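To keep things clear, I will list the structure first and then write my remarks on it.
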Amino acid sequence: MAHNDKILIAGAGGFIGGALVALLRKQGHRNLRAVDVKPFEEWYQRFDDAENLSLDLNLKENCDAAAEGAVEIYNLAANMGGMGFIEHNKALCMLSVLINTHLLQAALKHGAAKRFFYASSACVYNADKQKTFEAPSLKEEDAYPAQAEDGYGWEKLFSERMCRHFREDYGLTTRVARFHNVYGPWGTWFGGREKAPAAICRKVIEAKVAGKHEIEIWGSGNQTRSFMFIDDCTEGIQKITNSEILGPINLGSSEAVTINQLVDIAENIAGIKLKRNYDLSAPKGVNGRNSDNTLIQKYLHWEPSTSLRSGLEKTYRWIFDQYMARERGEAGVIRESHLAQ
Ligand code: NAD
């Protein structure tokens with residue numbers, strides 16, 4: 001991949017897309033096309049030396065314009081959020097199928113794309129295999145027989161297969177990773193779309209700042225998950241895109257923790273102890289899930305390795321700074337683009 005080849009990052013105004021643009025820039029790539037439906041002031045990261053476009057990629061003509069000349073295409077654009085969001089916005093989540101469908105068609109039409117990456121999710125896994133709290137390690141084959149997370153997970157599973165058939169029938173080199181909960185700085189931390197690590201950091205910060213040492217936890221706190229730090233995620237995306245791995249592959253940490261343990265770590269970072277109130281009626285997702293990394297180890301001799309403690313510390317500090325800026329009324333700082341230095 002030459003440094004002046006055009007690379008399209010769809011969803012670049014979001015958490016993972018923004019981090020990928022930042023990484024590509026750091027590696028010396030200078031022909032980056034960053035696209036997101038959000039207005040520029042809402043992008044988490046934006047670099048003025050990239051070609052930044054605010055386009056709705058649900059629309060075919062916008063995907064055509066975005067993909068033109070792109071040698072690599074990363075599709076990280078989707079309507080998504082934590083459990084609270086995906087449980088209440090199933091139709092909206094399924095409509096993301098338009099983005100991937102139109103981007104695949106546009107990639108074929110222009111013929112320049114050598115690699116097409118699609119961001120899938122651990123939400124494609126069969127719900128029956130995630131009933132215990134013992135964090136079952138999910139292998140790639142566990143997505144079938146299909147019983148994905150309603151709405152969001154079904155769209156991901158369908159789009160994975162669409163990528164497969166574009167590869168098999170039309171020869172487009174598609175690569176698919178199933179992300180397991182990604183967290184880190186420059187991500188959603190308030191507003192309803194935030195996921196557990198950011199939500200818990202924010203709640204701990206709120207409790208600390210207000211001096212009200214209580215926290216509300218969704219579910220019993222015994223649900224198990226693994227959490228992948230953003231730097232591992234972007235590194236994995238590149239490794240998988242450039243690999244010869246044909247089928248969807250897990251990209252996640254295999255360090256499983258309960259939500260209670262996640263709270264323990266956040267409390268430890270903050271230096272406080274909180275009274276825990278469990279909201280058993282809140283959306284909580286499946287009981288247990290971990291990433292089985294046998295396959296990624298086999299192909300890449302690599303897996304995400306940032307410890308939850310060190311990744312969460314960086315995330316906590318970043319959210320703390322954002323929170324304090326907001327408290328001071330510096331609204332612009334919360335989502336301020338950090339422009340190319
Ligand atoms: P995000 O919400 O921060 O970013 C997604 C971006 O896509 C947003 O900026 C949004 O504005 C953009 N988008 C939505 N609809 C669009 C449209 N019609 N046209 C153009 N842009 C549009 O989410 P993220 O965490 O960065 O997730 C990136 C990808 O990874 C998504 O496909 C998501 O489903 C997948 N994923 C993320 C996680 C995670 O833990 N963050 C886990 C599994 C899968």
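The values are calculated or read from the model by the stated rules, or taken from the named source; none is laboratory data. None of the values given here were measured: they were computed from a predicted structure. Using ideal geometry, Cβ is built from the backbone for each residue, glycine included, and neighbour counts are taken over all protein chains shown. Just the protein is used for accessible areas: all its heavy atoms, side chains included, with ligands, DNA and RNA removed. Shrake-Rupley method; radii C 1.70, N 1.55, O 1.52, S 1.80 Å.
Does segment 25-51 hold any residues that are within 12 Å of the ligand (Cβ to nearest atom) and either touching a residue at least 60 places away in the same chain (Cβ under 8 Å) or more than 17 Å from the chain's Cα centre (by Cα) (or both), and which are they?
Initial filter on segment 25-51 (within 12 Å of the ligand (Cβ to nearest atom)): 34-40, 42-46.
Once the filter is applied, which keeps residues that are within 12 Å of the ligand (Cβ to nearest atom) and either touching a residue at least 60 places away in the same chain (Cβ under 8 Å) or more than 17 Å from the chain's Cα centre (by Cα) (or both), segment 25-51 yields Pro39, Phe40, Glu42, Trp43, Tyr44, Gln45, Arg46.
Residues to consider are Ile240, Ile217; find the one that is in contact with a strand residue (DSSP E or B) (Cβ under 6 Å, 6 or more places away or on another chain), away from the ligand (no atom under 15 Å from the Cβ) and not polar (S, T, N, Q). Let's see the steps before the verdict.
Values: Ile240 fails: away from the ligand (no atom under 15 Å from the Cβ).
Checking each option against the conditions leaves just Ile217.
Is it true that some residue in segment 6-24 is exposed (fewer than 15 other Cβ atoms within 10 Å of the Cβ) and more than 9 Å from the ligand (Cβ to nearest atom)? Among the residues of segment 6-24, not one is exposed (fewer than 15 other Cβ atoms within 10 Å of the Cβ) and more than 9 Å from the ligand (Cβ to nearest atom), which makes the answer no. Among residues of segment 84-113 that are more than 16 Å from Ala148 (Cβ to Cβ) and assigned to a loop (DSSP other than H, G, I, E, B), those with a Cβ under 8 angstrom from a residue that is more than 10 Å from the ligand (Cβ to nearest atom) and open to solvent by 50 Å² or more (accessible area, probe 1.4 Å), sequence gap 6+ or separate chain, pair up as Ala112/Glu68.
Tell me, which residue of segment 55-73 that is within 11 Å of the ligand (Cβ to nearest atom) and either out of contact with any helix residue (DSSP H, G or I) (no Cβ under 6 Å at 6 or more places or on another chain) or over 21 Å from Leu24 (Cβ atoms) (or both) is most open to solvent (accessible area, probe 1.4 Å)?
Going through the qualifying residues, I end up with Leu59.
Being among the aromatic types (Phe, Trp, Tyr) and not assigned by TED's automatic domain parsing to the domain that holds Lys203 is the filter here; which residues of segment 272-313 pass it? Walk me through it before giving the result.
Filtering segment 272-313 down to residues among the aromatic types (Phe, Trp, Tyr) leaves 278, 299, 302.
Answer for segment 272-313, where residues must be among the aromatic types (Phe, Trp, Tyr) and not assigned by TED's automatic domain parsing to the domain that holds Lys203: Tyr299, Trp302.
Set side by side, the residues Phe133, Phe47 differ, and just one is closer than 27 Å to Met228 by Cβ, buried (at least 18 other Cβ atoms within 10 Å of the Cβ) and not acidic (Asp, Glu), which is Phe47.
Restricting Pro197, Pro248 to those that are touching an Asp or Glu at 6+ places or on another chain (Cβ under 6 Å), within 13 Å of the ligand (Cβ to nearest atom), closer than 20 Å to Pro304 by Cβ and in contact (Cβ under 8 Å) with a residue 24 or more places away in the chain reduces the list to Pro248.
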